[in-house]
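The values are calculated or read from the model by the stated rules, or taken from the named source; none is laboratory data. The shown structure was predicted, so the numbers you read here are calculated from the model rather than taken from an experiment. Cβ: placed from backbone, ideal geometry, glycine included. Neighbour counts: every protein chain shown.
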Amino acid sequence: MSALNIKKGTTKHSAYALRDPNAQAAERHTLAVVVDNEAGVLARVIGLFSGRGYNIESLTVAEIDHTGHRSRITIVTNGTPFVIDQIRAQLHRLIPVHEVHDLTVEGLAVERELALLKVAGTGEKRVEALRIAEIFRAGVVDSTLTNFTFELTGAPEKIDAFAELMRPLGLHEIARTGVAALSRG
């Protein structure tokens, strides 16, 4: 029986539920890209993503070889396996790109992020913020009579969880570095 059958009492499915049964779900991937450390390279890599409508969840860049003038760009993105394959292939074609690694596919990887969180609070909220920070192993890097600034490193999910617990206690501001990742072993 067709999902679009309009006879009274015969419709078993909503037309909104019709989907391609072969469609693949989007997956989160962490890509490590080694590039020449020169002006305009980051713009070219980012242009590849924006020009095709690909989203970047996290982006970090740092020089990794001073003598060879190479930098590592770590990008966290989402896409179907087909889209991720396209992204990798297009990154390989860029002239200043030397290596492209999909850390998600290549095996286990260590991912860490640094965050600074400013939490305003007094009295019991201040005490509770310090108690939660101790559980998460967040360090106090600045303190006034009305604010704390916490430093926290860990997986992005850990930082998200800490921020959610700090919100009702007076989370005022947050700065995150983005994911840095290396394959294990």
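Which residue, of 114, 91, is surrounded by fewer than 17 Cβ atoms within 10 Å (Cβ to Cβ), under 20 Å from the mean Cα position of the chain (by Cα) and touching a residue at least 24 places away in the same chain (Cβ under 8 Å)?
On the way: 91 fails: surrounded by fewer than 17 Cβ atoms within 10 Å (Cβ to Cβ).
Criteria check complete, one pass: 114.
If a residue must be surrounded by 16 or more Cβ atoms within 10 Å (Cβ to Cβ), modelled with pLDDT of 95 or more and of a type outside the set (D, E, K, R), how many such residues does region 154-164 contain?
4
Just to check your reading of the model, which residue among 29, 98 is farther than 25 Å from residue 176 by Cα and not basic (Lys, Arg)?
On the way: 29 fails: farther than 25 Å from residue 176 by Cα.
Step by step, each of 29, 98 is checked, and only 98 is farther than 25 Å from residue 176 by Cα and not basic (Lys, Arg).
Counting just the residues of region 103-127 that are out of contact with any helix residue (DSSP H, G or I) (no Cβ under 6 Å at 6 or more places or on another chain) and of a type in the set (D, E, K, R), which one comes out nearest to residue 81 (Cα to Cα)?
Only one residue tops the list, namely 106.
Please find, within region 68-88, the residue that is surrounded by the most Cβ atoms within 10 Å (Cβ to Cβ) out of those that are closer than 13 Å to residue 38 by Cα and out of contact with any helix residue (DSSP H, G or I) (no Cβ under 8 Å at 6 or more places or on another chain).
72
Consider region 149-185. How many of its residues are closer than 26 Å to residue 99 by Cα and β-branched (Val, Ile, Thr)?
Selection size over region 149-185: 2.
Determine, yes or no, whether residue 106 is over 20 Å from residue 52 (Cα atoms), at pLDDT below 95 and in contact with a strand residue (DSSP E or B) (Cβ under 7 Å, 6 or more places away or on another chain).
Judged against the criteria, residue 106 is a match.
Anything in region 38-65 that is in contact with a strand residue (DSSP E or B) (Cβ under 8 Å, 6 or more places away or on another chain) and part of a helix (DSSP H, G or I)? List them, or say none.
Passing the criteria: 41, 42, 45, 46, 49.
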